[in-house]
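The values are calculated or read from the model by the stated rules, or taken from the named source; none is laboratory data. Predicted, not measured: the structure shown is a model, and the values here were computed from it. Please note: Cβ atoms are built from the backbone with ideal geometry, for glycine as well, and neighbour counts cover all protein chains shown. For the accessible areas, the whole protein counts, side chains as well, though only heavy atoms, and no ligand, DNA or RNA atoms are used. Shrake-Rupley method; radii C 1.70, N 1.55, O 1.52, S 1.80 Å.
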Amino acid sequence: MNHGFPEGFLWGGATAASQVEGAWNRDGKGLDTQDCRSMPAGLTREQKNSWEFKEMTSEKLAAAIACKDEGTYPFRWGSREFDRWEEDLDLFAEMGMKIYRLSVSWARIFPNGDDAEPNQAGLAYYRRVFEGCKARGIKLFVTIQHYAIPVHLVEAYGGWKNRKVIDLFVRYAKTLFENYGDLVDYWLPFNEINAGRFHPFNGVSLIRDREENFDQSVHQALHHQFVANARVVALAHEMLPGVPVGCMIARFCHYPATCRPEDQLQCLHDEQYTNWYYTDVMMRGYYPAYIDRYFETMNVHLDITDEDRELLAAHPCDFVSFSYYFTQVSTIDEGWEKTGGNLVVASKNPYLETSEWGWQKDPTGLRITLNQLYDRYHKPVFVAENGLGATDVLEQDGSVHDPYRIDYLRGHVQAMRDAIEDGVDLFGYTMWGIIDLVSCGSEEMTKRYGVIYVDADDAGRGSFDRYRKDSFYWYRKCIATNGEDLD
Ligand code: BGP
């Protein structure tokens, strides 16, 4: 039996370019899809978390493209890491972080997505950051697309539903491999690939009012991402032998609400359609049989070529990763009480406490998930995101007391240790978002995840100065003792 975390376990933190960098139009960066998500002043928290607010429309997109300043677009300022990356890396190093998971902004490298040449200033920015990590002994886990894509690809191509975007993505990935192959330790083509289903604009850049059969477009676009994923795995294996490439989903662990067989069946279906389908395609290399019934009910008929099938089969990923925030229950009872979740509405579990945003905190679910993933694929597993969004208070003396976050992290670290002792080959954990950043779902800065506080409000006002929270010191000790001292 394993005891505790293995030597060399990769403790780290995660961010995404669109949420942390800011500098939306600097050094030649093009406008991207996340730059176009607005947060008008005066909305209540309920409104910010409503689907009406989160969903992109053609009208909202046109207004965003017309807006030439930061306006009410929080992803245009983020946490201003573009200007403060050295300070942030120093803090990460002080914490003893072994790995930083970050994403590259596609529009910083190819401003329109289909430009003839990459933007040299964008390439230089990431080289500085990546070399900065290496100089501080921090490994790199790089996401190639974390939601944002150049907005030109939406306007001129219709986003991921257009097969031509596969070639553009592969060319972008190749540019990254050529430029940073010597620096990056782990590559991830897509953040939370299942977002295509639960947030189609973020995941596959689709706008509902432009589609005739929305489900068809979503799943065709997802198929293109699967093919792109396989091609990028193939390319990495050819260009960067020995460098692992992973896949990732937002993992929604489900429990049957009761022991009624129909609830159990519902649970199986929820697990298949929200979780397994995606990792099955990318880890096993083929479309699972159960998905046909699901497609038939939705009148979805995919265009999959023989060559696509061969690519998927020949190039599965080397490891499986996921984001994990909460769990939910599955039931056939339509009146079952609801609560919040990443860009989704979850069914309530009476045994769990929720965060301020209604997300159900469940460390045991993480242990279950880790066991399930390892049992199914027998490939190394990585927790790419996990953390607690909460309102924090910056005290006069610059301290931030966040015992609730320490509790949350402690529970999940213990669950990972238990899973390792269950026999799971878990090799790393990148806490989300290691530094406060703009929330992806509700676009609030005040939904804070960091162990580092950023002095800014939802409207982008503030000094953007960084402060160490109590959880910063807790995580530093956790890392220093390889997960042994969690007090
Ligand atoms: C994941 C995303 C992240 C992140 C996180 C927390 O789904 O990959 O980008 O933001 O969830 O979600 P939120 O910011 O909505 O609280």
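Among the hydroxyl-bearing types (Ser, Thr, Tyr), open to solvent by 10 Å² or more (accessible area, probe 1.4 Å), touching a Phe, Trp or Tyr at 6+ places or on another chain (Cβ under 7 Å) and more than 15 Å from the ligand (Cβ to nearest atom): does that describe SER38?
Here the answer is yes, as SER38 does meet what is asked.
Run down TYR278, TYR273 and say which single residue is at pLDDT 95 or above, within 16 Å of the ligand (Cβ to nearest atom), among the aromatic types (Phe, Trp, Tyr) and in contact with a Lys or Arg (Cβ under 9 Å, 6 or more places away or on another chain).
Of the residues listed, the single one that is at pLDDT 95 or above, within 16 Å of the ligand (Cβ to nearest atom), among the aromatic types (Phe, Trp, Tyr) and in contact with a Lys or Arg (Cβ under 9 Å, 6 or more places away or on another chain) is TYR278.
Yes or no, residue by residue, for (1) open to solvent by 10 Å² or more (accessible area, probe 1.4 Å); (2) in a loop (DSSP other than H, G, I, E, B):
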residue: ASP167; (1), (2): yes, no
residue: ASP182; (1), (2): yes, yes
residue: TRP187; (1), (2): no, no
residue: ILE193; (1), (2): no, yes
residue: ASN202; (1), (2): no, no
residue: LEU222; (1), (2): no, no
residue: ALA228; (1), (2): no, no
residue: VAL232; (1), (2): no, no
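Restricting the first residue to the stretch 428-439 and requiring it to be farther than 18 Å from LEU10 by Cβ, which pairs with a second residue that is part of a strand (DSSP E or B) and within 11 Å of the ligand (Cβ to nearest atom) meet a Cβ separation below 8 Å and a spacing of at least six or different chains?
That search, which allows pairs on different chains as well, returns ASP436/ARG448.
Would you confirm whether or not the stretch 289-307 contains a residue that is of a type in the set (D, E, K, R) and crowded, with 18+ Cβ neighbours inside 10 Å?
Checking the stretch 289-307: not a single residue is of a type in the set (D, E, K, R) and crowded, with 18+ Cβ neighbours inside 10 Å.
Are any residues in the stretch 347-373 open to solvent by 40 Å² or more (accessible area, probe 1.4 Å), assigned to a loop (DSSP other than H, G, I, E, B), farther than 22 Å from ALA419 by Cβ and within 16 Å of the ligand (Cβ to nearest atom), and if so, which ones?
Once the filter is applied, which keeps residues that are open to solvent by 40 Å² or more (accessible area, probe 1.4 Å), assigned to a loop (DSSP other than H, G, I, E, B), farther than 22 Å from ALA419 by Cβ and within 16 Å of the ligand (Cβ to nearest atom), the stretch 347-373 yields only GLU356.
Report, ordered by the first and then the second residue, all pairs with beta carbons closer than 8 Å, sequence separation of six or more or different chains, a first member in the stretch 1-28 that is of a type in the set (Lys, Arg), and a second member that is outside any helix (DSSP H, G or I).
Sorted first by the residue in the stretch 1-28, then by its partner, the list stays empty.
Tell me which residues, restricted to the stretch 395-434, are away from the ligand (no atom under 16 Å from the Cβ), among the basic types (Lys, Arg) and within 16 Å of ARG476 (Cα to Cα).
Once the filter is applied, which keeps residues that are away from the ligand (no atom under 16 Å from the Cβ), among the basic types (Lys, Arg) and within 16 Å of ARG476 (Cα to Cα), the stretch 395-434 yields only ARG410.
So, in the stretch 105-164, exactly how many residues are under 30 Å from VAL381 (Cβ atoms) and part of a loop (DSSP other than H, G, I, E, B)?
8
Can you pull out every residue in the stretch 451-470 that is under 16 Å from ASP407 (Cβ atoms) and either within 16 Å of the ligand (Cβ to nearest atom) or at pLDDT below 95 (or both)?
Passing the criteria: only VAL451.
Considering only residues of the stretch 401-416 that are charged (D, E, K, R) and crowded, with 21+ Cβ neighbours inside 10 Å, which is farthest from the chain's Cα centre (by Cα)?
So the residue we want is ASP402.
Regarding GLU52, is this residue in a helix (DSSP H, G or I), of a type in the set (Asp, Glu) and under 22 Å from the mean Cα position of the chain (by Cα)?
For GLU52, the condition - in a helix (DSSP H, G or I), of a type in the set (Asp, Glu) and under 22 Å from the mean Cα position of the chain (by Cα) - is met.
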